[in-house]
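Here is the structure we will look at.
The values are calculated or read from the model by the stated rules, or taken from the named source; none is laboratory data. Computed from a predicted structure; not experimentally measured. We place every Cβ from the backbone using ideal geometry, glycine too, and count neighbours over all the protein chains shown.
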Ligand code: XMP
């Protein structure tokens with residue numbers, strides 16, 4: 001398949017067109033890999049999930065999916081990947097719990113680019129180790145989509161940290177590389193993936209790592225993960241859901257007051273930041289209006305249930321000048 005989308009290629013907008021695309025790709029993948037084995041890094045994001053589901057349809061357990069939990073995923077994500085792919089689709093899924101490994105490497109590192117590099121490099125290392133444990137892999141599947149090919153400064157350009165070593169340069173299988181994001185979602189839906197996977201908002205490769213500002217500590221990361229789950233749950237109920245919405249946790253504490261035996265006592269706690277943005281291309285972004293009552297619900301739930309947090313802030317900064325992520 002060429003890297004250029006033919007002018008004549010119809011835009012995939014309906015389940016019927018998606019089925020046709022799936023049938024074509026199933027045949028193409030079978031012709032390409034024959035009886036060979038294919039390896040895929042399955043993050044649980046839209047693109048890799050759709051590729052996984054498509055390849056499972058085409059070649060079943062000739063596909064080996066590797067899901068690396070680097071400890072920076074959102075609440076419930078690793079569990080959902082295991083449930084959908086291993087339990088429901090009967091995938092050959094290798095789940096790698098690399099949480100300690102990543103967090104140990106990141107301990108004390110506060111520079112954002114250094115953090116990104118460590119996460120990217122460690123990811124490749126873990127993936128390579130798992131790949132070496134597999135026998136007879138001949139192909140590497142990737143969730144490359146058309147904007148990844150056409151845009152030099154796209155969202156994925158951020159986490160280009162190189163790839164597998166020379167002796168592991170497998171032939172690539174990239175069944176959705178001519179599709180735009182909306183088409184990938186239509187295909188994912190036709191493949192039966194759950195809505196919260198198919199319509200997932202963008203999530204950076206380094207995950208919560210770039211939202212746990214400064215040097216990551218386990219307790220602050222846990223507070224972020226819990227607060228983020230609350231923010232996502234409440235904002236996703238809005239009639240118009242923003243393009244991206246999440247939580248960040250800066251590395252400072254501020255004063256709070258709590259009552260012990262009726263007596264007020266000051267203590268230091270973290271502040272979490274609620275962020276929501278709308279954008280077309282992630283190059284500029286505006287901040288949507290969120291009803292104050294929703295912000296108050298988020299505040300109350302976070303303060304009541306997330307240990308160590310005593311303040312909730314709403315980020316009204318647009319891009320430019322603020323970037324979408326806090327790091
Ligand atoms: P910024 O913060 O640069 O984000 O305004 C623009 C978009 O890119 C995402 N982003 C990343 N994605 N790896 C990624 O895969 C990264 O390191 C990274 N940093 C930012 C961000 O979530 C937003 O959608």
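Output yes when any residue across segment 79-99 is within 16 Å of the ligand (Cβ to nearest atom) and either on the phi < 0 side of the Ramachandran plot or at pLDDT 95 or above (or both), and no when none is.
No, the conditions are met nowhere in segment 79-99.
Go through (1) touching a residue at least 40 places away in the same chain (Cβ under 8 Å); (2) farther than 17 Å from residue 236 by Cα; (3) part of a loop (DSSP other than H, G, I, E, B) one by one and return the number of the condition residue 280 breaks.
(1) is the only condition that residue 280 fails.
Which of the residues that make up segment 250-268 are in contact (Cβ under 8 Å) with a residue 40 or more places away in the chain and either in the same structural domain as residue 69 (by TED's automatic domain parsing) or within 28 Å of the chain's Cα centre (by Cα) (or both)?
Within segment 250-268, 250, 251 qualify.
Tell me yes or no: at least one residue of segment 316-325 is within 26 Å of residue 112 (Cβ to Cβ) and part of a strand (DSSP E or B).
yes
Would you mind stating whether residue 216 is within 16 Å of the ligand (Cβ to nearest atom), over 25 Å from residue 76 (Cα atoms) and either buried (at least 19 other Cβ atoms within 10 Å of the Cβ) or in contact (Cβ under 8 Å) with a residue 40 or more places away in the chain (or both)?
Criteria not met by residue 216.
One residue is enough: does segment 166-175 have a residue meeting the conditions at negative phi, loosely packed, with under 15 Cβ neighbours inside 10 Å, in the same structural domain as residue 75 (by TED's automatic domain parsing) and touching a strand residue (DSSP E or B) at 6+ places or on another chain (Cβ under 7 Å)?
Checked segment 166-175: at least one residue is at negative phi, loosely packed, with under 15 Cβ neighbours inside 10 Å, in the same structural domain as residue 75 (by TED's automatic domain parsing) and touching a strand residue (DSSP E or B) at 6+ places or on another chain (Cβ under 7 Å).
Here are the criteria: (1) in contact (Cβ under 8 Å) with a residue 40 or more places away in the chain; (2) under 20 Å from residue 96 (Cβ atoms). Tell me which single one residue 29 does not satisfy.
Unmet for residue 29, out of (1) in contact (Cβ under 8 Å) with a residue 40 or more places away in the chain; (2) under 20 Å from residue 96 (Cβ atoms): (2).
Provide a single number: the residues in segment 256-280 that are within 16 Å of the ligand (Cβ to nearest atom) and surrounded by fewer than 12 Cβ atoms within 10 Å (Cβ to Cβ).
1
Identify, from the list 178, 193, 172, the residue that is at pLDDT 95 or above and under 16 Å from the mean Cα position of the chain (by Cα).
Result of the check over 178, 193, 172: 193.
Per-residue answers, yes or no, for (1) surrounded by 16 or more Cβ atoms within 10 Å (Cβ to Cβ); (2) within 23 Å of the chain's Cα centre (by Cα); (3) without any contact (Cβ under 8 Å) to a residue 24 or more places away in the chain:
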residue	(1), (2), (3)
7	no, no, yes
19	no, no, no
34	no, no, yes
51	yes, yes, no
74	yes, yes, no
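Looking for something touching a strand residue (DSSP E or B) at 6+ places or on another chain (Cβ under 8 Å) and within 17 Å of residue 213 (Cα to Cα) - is there at least one such residue anywhere in segment 302-309?
The answer is yes, given that some residue of segment 302-309 is touching a strand residue (DSSP E or B) at 6+ places or on another chain (Cβ under 8 Å) and within 17 Å of residue 213 (Cα to Cα).
Looking only at segment 219-249, which residues are part of a loop (DSSP other than H, G, I, E, B) and surrounded by fewer than 18 Cβ atoms within 10 Å (Cβ to Cβ)?
Within segment 219-249, 236, 237, 238, 239, 240, 241, 243 qualify.
Return yes or no: is residue 299 over 24 Å from residue 209 (Cβ atoms), away from the ligand (no atom under 13 Å from the Cβ) and crowded, with 17+ Cβ neighbours inside 10 Å?
Yes.
For segment 85-100, give me each residue that is in contact with a helix residue (DSSP H, G or I) (Cβ under 7 Å, 6 or more places away or on another chain) and outside any loop (DSSP other than H, G, I, E, B).
Selection gives 85, 92, 93, 94, 95, 96.
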